[in-house]
Amino acid sequence: MAPNIKIALDDLTVNNLGVLRRINSVVLPTSYSDSWYKDSLSVGELAKLAYFNDIPVGAIRCSLETPPSHKDQTRIYIMTLAVLSPYRGYGIGRKLVDHILEQAKKMFVKEVYCHVWVENDDALTWYQHIGFEKGELVTGYYKKMTPAGDAYILRKAIE
Amino acid sequence: MSAAAVPKARYLPPKEAGSFRQVLQLYETRQYKKALKVADTILTKFPDHGETLAMKGLILCFSEKKEEGHELIKKGLRNDLTSFICWHVYGLFYRSERNFEEASKCYVHALKYAPDNTNILRDLSLLQCQMRNWEGLITSRKTILSQKPNVRQHWTGLALGYHMMKNYELAENILSKYEETLKEPPKEDYEHSELLLYKNMIIYESGNVARALEHLESIADQVTDKLSVMESRAKYLLELERLPEATVAYRKLLNRNPDNKEYFFGIERALGVQDDVEKRKTLYRALAKQYKHSDAAKSIPLSFLSGEDFRQAVKSYIVDFLTKGVPSAFVNLKPLYDDEAKVKGIEDVVLEFLKTLSHAGNGVNGVGQNGSAKEKDNSPTTYLWTIYYLAQHYSKIGQPDLACEYITKAIEHTPTLVEVHMAKAKILKRKGDHVAASEAMTRARELDLQDRFVNTKAAKYLMRAGKSDEAVSVVSLFTKNDAHGKGVGDLHEMQALWFLTEQGEMFNRLGKIGLALKRFDAVKKIYDDWWGDQFDFHQYCVRRGTMRAYLGLLRWEETLYTENFYTRAAFDAIQTYISLYDTPKSARVAAELEGLTEEERKKAMRKAKRERAKQNKHSESEKIGGTDDDPLGKNMENTSTPLEDAEQFWKPVAACATWDQSWTWGEEIAKRKEQEAARVKLDTADKTT
């Protein structure tokens, strides 16, 4: 590990919302609406920014999914997770996901899950590396892609 | 004064005389409403009583009825021209208007009829400080002192007069005499300690450094400001060429604060090495070792080293900054950019350093998504700060394309870093592309909305790009906003010089001359306020005994109108007024139409009309700012005396000892005034013949 590296997480606020926007827009292929970003401010600990030597370089944004029927579980869904490419391999994504897993525990939520594009091998490997299980295939999940892209569900059960 | 000596018009029967004393008392305690009532009861019986009229007027002035009050004061004075009260009141009125010259005339009149009145003498002495009338000050202070010799401030006040007249001996004597009046000097007393240091300052300024040192040693134990004693001692020893002792003195100072460059320069001279590069090098090597955290010990050698020595030194200095991620690395090195050889040296060093990084951490040809951090021996931020440095470097040395190349790389690398967007904006600004520059600055701002520095920069860049309304909206995110929802009024109130100047210059570029002049005038008003603001300190500082700080203030005020912000706004205004004079509106139109065909003429007229309409269209945000009846500055634009108006901006500059003789605005104005005078003379000659 290179010397002098400091990684820290911080809250998403109205003043640094532009950072989430910028990170997502350069890392992710999908674009998100203004209202989506605005809503990001209301999810509390489920949205976080990651800092590398005091520079914001990564972000996670989840939502709490309360099911219509009480028989189903409440789950946390990772909507976006992004780290600027020069800063990958330093455990920043891991730290962001760990933070969400911790929140899940605190909230007695039993599952954290997300969608990953079938062709994104790096992401598929990475999620499994940190303990997520590959689940069912959702065909045509990425509607805006031509042709529409398929996605795997990746989930982690919380004990 | 006996009753017999009272002139008939001033005489009041005992009952009313008592009421009048009551008025004075109520005025002193600021019970203006009651005071007015009592004054009115006197006036129903004696409607022409001068002193009562004057007092009533004064109270009205402080109750926001200035005009009515002014009239009454004048009437009161006319009715009783030999009353010191009436003159004193008139003086107070002028003083509240900050018309210090007229005020002091009134006090002088008042003193004619009451030569020993301490209140008037004190008020006069304050005005004399404001007007820098030191001779006058000595006279009034002498009288006050003879009346109340047991008060310290009256002694210091008199010493100040002599000091300013450069009569150091008398100034010192006065302070010594005061010390003799003390049975025992107070211990651990800050005010007394300041007085001693003031005396020391006087002795030093008299030029007798040896005696100043001697005196300093004699007071050292009683002084609470130990640092100041240490600094003066080192300075005096150096000036007296008592070098070994000076060296010790500067060493002690460096131990206290190893980041004060003055101490380093002091020790250089004390050791006599200031002209010998080799010896200086050795000295700083030792100092840098001793004071490991001192930036000065490392950065000063960069200014005198050259060749390979410089390269070595700058390399360790810069690389340290870049690996630590110090955003201000370039700002620290900027002073070296006057020297071409050094610029080249820096460039080589940074490019070499970049090469060592290009295999790791730059995210381009470095490790992929799943690469392990173990392979990386350099943090990606080191690479980032290095290319950020190079972008600023190339922009500074006039290579904007290379600068753009590096800053684009930096933005691709880390688009979330505020600094890289700001640097891009600056590079584009230097290239003259103000619109793109302001877009880049806005991108920087969006990353951190609570950073006022970036907000300010973004607003400034918007104004440079001519985006008036947007700029006001952005800057208003940090101001107290009035009913219109914008902060222009608050920025006037907060004396935001940068904003007023930038906005004025923008209005000028947009052809909104009135508004431009309005803003330049607002800048002048702020400086006038600062000049006026010192008034309170003439009393306060002398009373509290903080004479050294007070002297600092007085001397700063002497250079006030040569400060950059004032001269910039003033020269903008003068230039604008001169062009208004050189090409009056009618002449401008005529010149444009000359030699055109009928068709072209019509076209030009239409175009001019469109332009005028554009310039006359004012958005909501432009209409605010200031409470006066001419918010758009139309009266200023349509002035019939542009040269005199320009002169108002020039006069205070020329009155400063520090004005730069290369400023030719005074001549430009004078030249035109002479031409004008010659023309008027010719006109009248024509008429009479």
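For the protein assembly as shown, the C-alpha radius of gyration divided by 2.2 N^0.38 Å, with N the number of residues, is 1.28.
With N as its number of residues, the range B:78-236 has a Cα radius of gyration that, divided by 2.2 N^0.38 Å, comes to 1.23. Taking trypsin sites (Lys or Arg not before Pro) across the range B:460-529, the ones in a DSSP loop with at most 14 further Cβ atoms lying within 10 angstrom of their Cβ are B:LYS480. If you plug the beta carbon distance of B:VAL248 and B:ASN173 into 1/(1 + (r/R0)^6) with R0 = 41 Å, you get a FRET efficiency near 0.80. Across the options B:VAL273, B:HIS393, A:MET79, the greatest Cα extent toward the positive end of the charge dipole of the protein assembly as shown (unit charges at beta carbon of Lys, Arg, Asp, Glu) belongs to A:MET79. Picking from B:ALA114, B:TRP87, B:LEU145, whose Cα lies most toward the positive end of the charge dipole for the range B:30-153 (charges on Cβ: Lys, Arg +1; Asp, Glu -1)? Ranked along the dipole, the leading option is B:LEU145.
Which of rounded, prolate or oblate describes the range B:1-106 when judged by the alpha-carbon gyration tensor and an a/c cut-off of 1.5? In terms of gyration-tensor shape, oblate.
Rounded if a/c is under 1.5, else prolate if a/b beats b/c, else oblate: with a ≥ b ≥ c from the C-alpha gyration tensor eigenvalues square-rooted, which is chain B?
Here chain B falls in the oblate category.
Sequence-distant contacts, meaning Cα pairs under 8 Å at least 6 residues apart, place the relative contact order of the range A:22-118 at 26 percent.
Each Cα pair under 8 Å and six or more residues apart adds its separation to the average, and for the range B:94-138 the resulting relative contact order is 33 percent. The value of relative contact order for chain B, using C-alpha pairs under 8 Å at least six residues apart, is 7 percent.
The amide H of A:GLU111, built 1.01 Å from its N in the peptide plane, has A:ILE76, A:ILE158 as neighbours under 5 Å, considering only residues 5 or more places off or on other chains.
The calculated FRET efficiency for B:GLU405 paired with B:ASP528, based on their beta-carbon distance and R0 = 56 Å, is about 0.70.
For chain B, the longest principal axis of the alpha carbon atoms and the long axis of helix B:665-688 meet at an angle near 50°.
For the range B:170-274, the list of trypsin sites (Lys or Arg not before Pro) that fall in a loop by DSSP and count at most 13 other C-beta atoms within 10 angstrom reads B:LYS183, B:LYS187. In a DSSP loop and with at most 16 other Cβ atoms within 10 Å, the trypsin sites (Lys or Arg not before Pro) in the range A:77-133 are A:LYS110.
For a straight C-alpha distance cut-off of 18 angstrom, the lysines reachable from B:LYS673 (same-chain residues fewer than eight places away being disregarded) are B:LYS651, B:LYS681. If the cut-off is a Cα-Cα distance under 16 Å, which aspartates and glutamates reach B:LYS324, setting aside same-chain residues fewer than 8 apart in sequence? B:LYS324 reaches A:ASP54, B:ASP295, B:ASP377, B:GLU419.
Ellipticity at 222 nm from helices only: DSSP H runs of n ≥ 4 in chain B, each -39500 (n - 2.57), divided by the residue count, give -23000 deg cm²/dmol.
Give the longest segment of chain B that steers clear of GluC sites (Glu not before Pro) in DSSP loops with at most 16 neighbouring Cβ atoms within 10 Å, not counting the sites themselves.
It works out to B:242-562.
Here the protein assembly as shown is treated with +1 on each Lys and Arg Cβ and -1 on each Asp and Glu Cβ, and its dipole about the Cα centre works out to around 1120 debye. Placing unit charges on the Cβ atoms only, positive for Lys and Arg and negative for Asp and Glu, gives chain B a dipole magnitude near 1120 debye about its Cα centre. Using R0 = 51 Å, the C-beta based FRET efficiency linking B:LYS634 and B:LYS148 works out to 0.40. Where the alpha-carbon atoms of the range A:8-159 are placed on the principal axes, they occupy 41, 38, 32 Å, in descending order. The C-alpha radius of gyration of the range B:206-284, expressed as a fraction of 2.2 N^0.38 Å, stands at 1.14.
Nearest-5 percent of antiparallel DSSP beta bridges in the protein assembly as shown? Percent antiparallel among DSSP bridges in the protein assembly as shown is about 90. Neighbouring Cβ atoms from other chains, within 10 Å of the Cβ of residues in A:85-97, number 5 on average.
Every number here is computed from the coordinates shown, using simple stated rules; none is lab data. Computed from a predicted structure; not experimentally measured. No Cβ is skipped: glycine too gets one built from the backbone with ideal geometry, and neighbour counts run over all protein chains shown.
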